[in-house]
Amino acid sequence: MRNRYLPNFKVKYDDYLQYAPAVAVYGLKLSGVKGRNNIGRATLSYGTSLAIMAILVNSIKYTAKVERPDGSKNNSFPSGHTAMAFTNAGFLHKEYGMVNPAYSIAGYGSATITGLGRNLNNRHWIPDILAGAGIGIISTEPGYFFIDKVYKNKGDNLSILSRIEGNDYPSFLALKMGTALGTTNFLKESELDDKKQTGFEGGLEGAYFFSKKWGIGADIAFSSFPIKSQRITFDDGQDFGDHEIKTQSMGFLAAGIGPYFSHELSDKWQLT
């Protein structure tokens, strides 16, 4: 798809955006905004996370030896830029996510855009980006775990942050993934396939609540249904050999925006 629609895309923002969440952490700390840890302990946790990430990325890169999409080198899998971006996003999330979830959204959002940039710039395949994101997220957890075990409560601000309370409104941001089932056999009706196909669906949904009951939100989702290749038979008696139609998936995009209502059934269940 990149080569079909954006073959000449070349914008190197991903070389710099990968560091943005970490720069944000140190900017906030130097500005006096309290995070999970003081700057010294945060740096130790961050450094440990980077070391774990670097070991994982480089050991896999030079073992898998996957060729890059542009053919430049055989070190495509996994994406180091994406791993760095998500390690930095995890760093921002760990330090300031409990202060305000907007920091986490901004960090992981910038990391996602970094990964997308690696694909658009023809430097990585999609699996490279997904693996890099996973490594980045995973690396942050042991980085903080080991430092927390060593320093325990020295240098953290958890006791201060524990007094920060939310408003208990049911605002949310959700990633939706699942199976899509056609309610009608549209593939058969369109003479594309004689079997009802099961597809994939993914999407993003979120809402901001102004009170415990009412809010406003939006969702966007896409569905993709595979279409099987079909063979062609000629009836005029001549031998043209075997032919096959190559097909792409049929896609649907849906979006909506409007009011949200939520009713709390219990401490663990809400009807929205």
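Could you tell me the center-to-center distance, by alpha carbons, between region 89-137 and region 1-56 in angstrom? Value for the Cα centre distance between the two parts: 8 Å. To put it simply, the accessible area of region 1-61 at a 1.4 Å probe is 68 percent carbon and sulfur. Just check region 1-103 against the gyration tensor rule for me: Cα atoms, a ≥ b ≥ c as the square roots of the eigenvalues, rounded for a/c under 1.5, and otherwise prolate or oblate depending on whether a/b exceeds b/c. It comes out oblate by the Cα gyration axes. For the pair Ala180 and Tyr151, the difference between a 0.36 nm per residue extended length and the Cα-Cα distance amounts to 5.6 nm. What residues of region 197-219 lie in the reach of a label at Phe261, counting those whose backbone N is under 13 Å from a point 7 Å from the Cα along Cα→Cβ? It comes to 213-215, nothing else. Taking trypsin sites (Lys or Arg not before Pro) across region 72-151, the ones in a DSSP loop with at most 16 further Cβ atoms lying within 10 angstrom of their Cβ are Lys73.
Entry comment: accessible area of region 13-146 is 44 Å² per residue, from protein heavy atoms only and a probe of 1.4 Å. Relative contact order for region 1-94 using alpha-carbon pairs under 8 Å, separation at least 6, rounded to a whole percent? 38 percent.
With a Förster radius of 25 Å applied to the beta-carbon distance between Tyr13 and Leu130, the computed FRET efficiency rounds to 0.80.
Which of the trypsin sites (Lys or Arg not before Pro) found in region 1-47 are loop residues per DSSP with 15 or fewer other Cβ atoms within 10 Å of their Cβ? Before the final figure, lay out each step's value.
Numbers: sites: Arg2, Arg4, Lys10, Lys12, Lys29, Lys34, Arg36, Arg41; in loops: Lys10, Lys12, Lys34, Arg36.
Here the sparse-neighbourhood loop sites are Lys10, Lys12, Lys34.
The values are calculated or read from the model by the stated rules, or taken from the named source; none is laboratory data. Quantities reported herein were computed from a predicted structural model and do not represent experimental measurements. For neighbour counting, all protein chains shown are included, and Cβ atoms are generated from backbone atoms with ideal geometry for every residue, glycine included. Surface areas here come from the heavy atoms of the whole protein model, side chains and all, with no ligands, DNA or RNA. Shrake-Rupley method; radii C 1.70, N 1.55, O 1.52, S 1.80 Å.
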